[in-house]
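In what follows, a structure is listed as structure tokens, so that the remarks can point back to it.
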Amino acid sequence: MQEKEENKVEFVKWFSELNKNSGKIAGGKGANLGEIYNLEIPVPPGFVITAQAYDYFIDKARLKEKIKNILEKINYENTSELNSSTEQIRKLILKAELPEEMKEEILESYEILGTEKFENAEGSALDILKTAAEPVFVAVRSSATAEDLADASFAGQQETYLNIKGNKSLLEHVKKCFASLFTSRAVYYRHKKGFEHSKVSLAVVVQKMIDSEKSGVIFSKDPSYKNNNIIIEAVWGLGEGIVSGKITPDKYIVSREIEILERKIADKKIAMVRNSSGEKAYVKLTEEKSKHQVLKNFQITQLAEIAKRLEKHYQKPQDIEFAIENEEISIVQTRPITTMEKRIEKQSPQKIQGEVLIKGLPASPGIASGKVKIVHNLNELSKIQKGDILVTKMTNPDMVVTMQKSAAIITDDGGMTAHAAIVSREMGIPGIVGTENATQILKEGEQVTVDGYTGKVYSGQVQATQEKKILPVTAHTKTKIKVIVDLPTFAQRASQTGIKEIGLTRIEGIITESGKHPNYYLTNKNFQEYEETIFKGISEIAKYFEKIWVRTSDIRSDEYQNLEGAPKEKEANPMLGMHGIRYSLKHKELLKAELNALKKISQTNKQIGILMPQVINSKEVYEVKKILNEIQFQNCKVGVMIETPASIQIIQELCKQGIEFISFGTNDLTQYILAVDRGNEKVQELYNEMHPAVTKQMEYVIRVCKRNNVETSICGQAGSKKEMVNFLVKAGIDSISVNVDMAKEISDYVAEIEKIQGRQPRQYQPNKKNFQEKSEKRFNNPFK
């Protein structure tokens, strides 16, 4: 009997029994509430249904194995499958009965919380119960044991229910909180952050409701930009209005010396309130109330002081929620700010010029361009494809999975403290909120550029991407690290890596900036202008580098339709149509213009490599060399993209034809080998560059090229992924071309791999004898 008592599960803990180290019992939210309650910071009273109570419930209901089996089968990148599987788990939890002994302890604690004498009560629980009055309104809030860690924001991943009253309703909502551990967004986020589902439990906070007249959020340090100011946002009514993003809040900026530096008064329009039956409702504000400052100045300074105190106590910047009733402040939550390491300088890294379509609050820094996709309800999330601009009335935690695909986010409502805005900052997705009417002004499918630094949305596609500080490459590696640079505007930024070689420049980048399709020059027979366009663009890039590999143009019939002179006809299957080197050899005047431009650049002491895309036979290599001979451009290297299955099968022939380097184009290579359209969302779960059918072919090409002393490289997006890098270095690849912002990280990673392998740093040097043989047979025709 004694042993049974010792092993008894504690279903409930009061705030007074908890502290910041109670995360395994009370979850992140519950532990922090206990901590600040005991600091004598004003906190509404409450208790926590422990994580052990959750585990006890799951065990008694025999759900553990059922949940595990469902989770093991989920394909996390398939949204419909993720939604279906997680809904199945939630239904299992909601149908299960809470154990009687657990119910009793929860309801007893609820009755104690309901007594007016709770805060000053003395004597036994029975004495207190005798004085209990009408059941009290409470907030029932999820508190996961993996929640609110410094490096991961689980904000909004589980549910919170406000204005719950009565025994039956309380128990129902406790189970709803338990079930919310398995919402699609929560399961996906844990998977992305590497948390094992089986090791995450859920506690539930039951806290006396504050009938908020005002509420909001405080950041004890700016979560987006590098300064020490305190940021406060506030709305009329309940706090859910601000956190959900349904209401655009007032914003106050306060210095560390508690001086109010700035007030931005929003047009709130509505407020969330609790009606007489305890239900949440939105009320329309009068114009005067809507535009009136929510917080009085003394409240702003009081809140700033509390924020400083909590930051000092926790030794970390805090994200704090507050409520005000009868002019009395209550703190209802505090947690670490999760984006401190990602803060950037306030100013935009580059100036954008163009037509401003709309303005809002800059919620997440960065710059991105893409097609507008307007989402009116959650059923429309499936239309968002990778690189689209998500435009919606309000941010919502249910959008987290879709946000992973978006290039940027724009909302009508919300502030920088909306849950989804917090998560977007963590993901590094540019975001603008509180535009008021983006869903009405912006049009479905139109190209826009989002500047998350300034809160402005520009018409058209400005060639800009989210900025990240470029760190110089310092590691010395045998495997050479090169960069990918397509646009002159980014060349100087790329040079900050200290790398002197470009492994890929796509001519299409220059073409896009010119505004004219190659077909324009072909139709008008103005090849000299085309040559000058290419020369000018590549020269701007090459001036920062010593060596540059340039891919000849590769434009499908379904691409760049907005450029002047673009052909109106689209092929039935553009990916397998007339593009790449086959198009260039059909229209040799265009190819000659490109090669002549590169020849002029080579005369400025730049080493040029020419990459031929979509090669399927060695005759194509011969034809290009013939043109090089014709224009007397021989001081260049000739290489091919390995991106078709044919190029792999004929790699020995290509080596014999005298190519000097190859570069894997893994984007196309993967889709051709696996028969998976990389642009089709329905089959994205099948697209995998690390599929053995792909890696084995790459390994084969590297072996053949090494025997023939042909330099090997990669220029696909996979070259910036560590799993692929690890494979390639071990396979003996000579160089890896990466996105600029990944150069430092990948070079350091390569150095680690080489250190383990014992490979010594050295530069690639072609075999002199082999090089001479290649030069001699450079223009031999094997097809005579």
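Given the residues ILE324, ILE331, which is the only one that is open to solvent by less than 60 Å² (accessible area, probe 1.4 Å), over 34 Å from the mean Cα position of the chain (by Cα), within 18 Å of PHE219 (Cβ to Cβ) and in contact (Cβ under 8 Å) with a residue 60 or more places away in the chain? It would help to see each step written out before you state the result.
On the way: ILE331 fails: over 34 Å from the mean Cα position of the chain (by Cα).
Selected residue: ILE324, the only one of ILE324, ILE331 that is open to solvent by less than 60 Å² (accessible area, probe 1.4 Å), over 34 Å from the mean Cα position of the chain (by Cα), within 18 Å of PHE219 (Cβ to Cβ) and in contact (Cβ under 8 Å) with a residue 60 or more places away in the chain.
Among the residues that make up segment 560-575, is at least one of them open to solvent by 40 Å² or more (accessible area, probe 1.4 Å) and within 20 Å of ILE484 (Cβ to Cβ)? Scanning segment 560-575, I find at least one residue that is open to solvent by 40 Å² or more (accessible area, probe 1.4 Å) and within 20 Å of ILE484 (Cβ to Cβ), so the answer is yes.
Residue count for segment 88-116 satisfying the condition of being over 19 Å from LYS168 (Cα atoms) and loosely packed, with under 14 Cβ neighbours inside 10 Å: 2.
Would you check which residues across segment 626-679 are among the charged types (D, E, K, R) and over 16 Å from ILE610 (Cα atoms) and list them?
Filtering segment 626-679 down to residues among the charged types (D, E, K, R) leaves 626, 630, 637, 643, 653, 656, 660, 668, 677-678.
Listed by number, the residues that qualify are GLU653, LYS656, ASP668, ASP677, ARG678.
Which members of segment 35-51 meet the condition of being in a helix (DSSP H, G or I) and either surrounded by fewer than 17 Cβ atoms within 10 Å (Cβ to Cβ) or under 33 Å from the mean Cα position of the chain (by Cα) (or both)? Explain how you work it out, then say what you get.
At the first step, the residues of segment 35-51 found to be in a helix (DSSP H, G or I) are 35-38, 51.
Scanning segment 35-51 gives GLU35, ILE36, ASN38, ALA51.
If you check GLU620, GLU589, GLU594 for being free of Cβ contacts under 8 Å to residues at least 60 places away in the same chain and among the acidic types (Asp, Glu), only one passes: GLU620. With respect to the conditions (1) at pLDDT below 90; (2) open to solvent by 10 Å² or more (accessible area, probe 1.4 Å), LEU82 lacks only one, and its number is (2).
Please work out which residue is modelled with the lowest pLDDT, limiting yourself to segment 550-560 and to residues that are within 23 Å of ILE610 (Cβ to Cβ) and assigned to a loop (DSSP other than H, G, I, E, B). Ranking the candidates gives TYR560 first. Taken over segment 58-77, the criterion of being more than 28 Å from the chain's Cα centre (by Cα) and open to solvent by 70 Å² or more (accessible area, probe 1.4 Å) is satisfied by ASP59, LYS60, ARG62, LYS64, GLU65, LYS66, ASN69. Residues in segment 245-261 that are within 24 Å of ILE409 (Cα to Cα), part of a strand (DSSP E or B) and open to solvent by less than 20 Å² (accessible area, probe 1.4 Å): 2 in all.
Considering only residues that are in a loop (DSSP other than H, G, I, E, B) and farther than 21 Å from PRO613 by Cα, look in segment 716-752 and name the one that is least open to solvent (accessible area, probe 1.4 Å). Lay out the reasoning, then the answer.
The initial filter retains those residues of segment 716-752 that are in a loop (DSSP other than H, G, I, E, B), namely 716, 721, 732-734, 739.
Narrowing further to those that are farther than 21 Å from PRO613 by Cα: 721, 732.
On the way: LYS721: 97, GLY732: 10 Å².
Among those residues, the one meeting the criterion is GLY732.
Every residue, every condition in (1) of a type in the set (S, T, N, Q); (2) free of Cβ contacts under 8 Å to residues at least 40 places away in the same chain; (3) not in a helix (DSSP H, G or I), yes or no:
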{"site": "LYS176", "(1), (2), (3)": "no, no, no"}
{"site": "SER180", "(1), (2), (3)": "yes, no, no"}
{"site": "VAL187", "(1), (2), (3)": "no, no, no"}
{"site": "HIS191", "(1), (2), (3)": "no, no, no"}
{"site": "SER198", "(1), (2), (3)": "yes, no, no"}
{"site": "VAL205", "(1), (2), (3)": "no, no, yes"}
{"site": "ILE210", "(1), (2), (3)": "no, no, yes"}
{"site": "VAL217", "(1), (2), (3)": "no, no, yes"}
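The residue that is nearest to ASN635 (Cα to Cα), counting only those in segment 545-558 that are in contact (Cβ under 8 Å) with a residue 40 or more places away in the chain and open to solvent by 20 Å² or more (accessible area, probe 1.4 Å), is LYS547.
Can you find a residue in segment 595-617 that is crowded, with 21+ Cβ neighbours inside 10 Å and farther than 18 Å from ILE534 by Cα? For segment 595-617, residues crowded, with 21+ Cβ neighbours inside 10 Å and farther than 18 Å from ILE534 by Cα: present. A single member of ASN635, ASN629 is within 19 Å of LEU590 (Cβ to Cβ) and either open to solvent by 60 Å² or more (accessible area, probe 1.4 Å) or among the polar types (S, T, N, Q) (or both), and it is ASN629.
The values are calculated or read from the model by the stated rules, or taken from the named source; none is laboratory data. All values derive from a computational prediction rather than experimental measurement. Methodologically, a virtual Cβ is constructed for each residue, glycine included, from the backbone with ideal geometry; neighbour enumeration extends over all protein chains shown. With ligands, DNA and RNA removed, areas are computed over all heavy atoms of the protein, side chains included. Shrake-Rupley method; radii C 1.70, N 1.55, O 1.52, S 1.80 Å.
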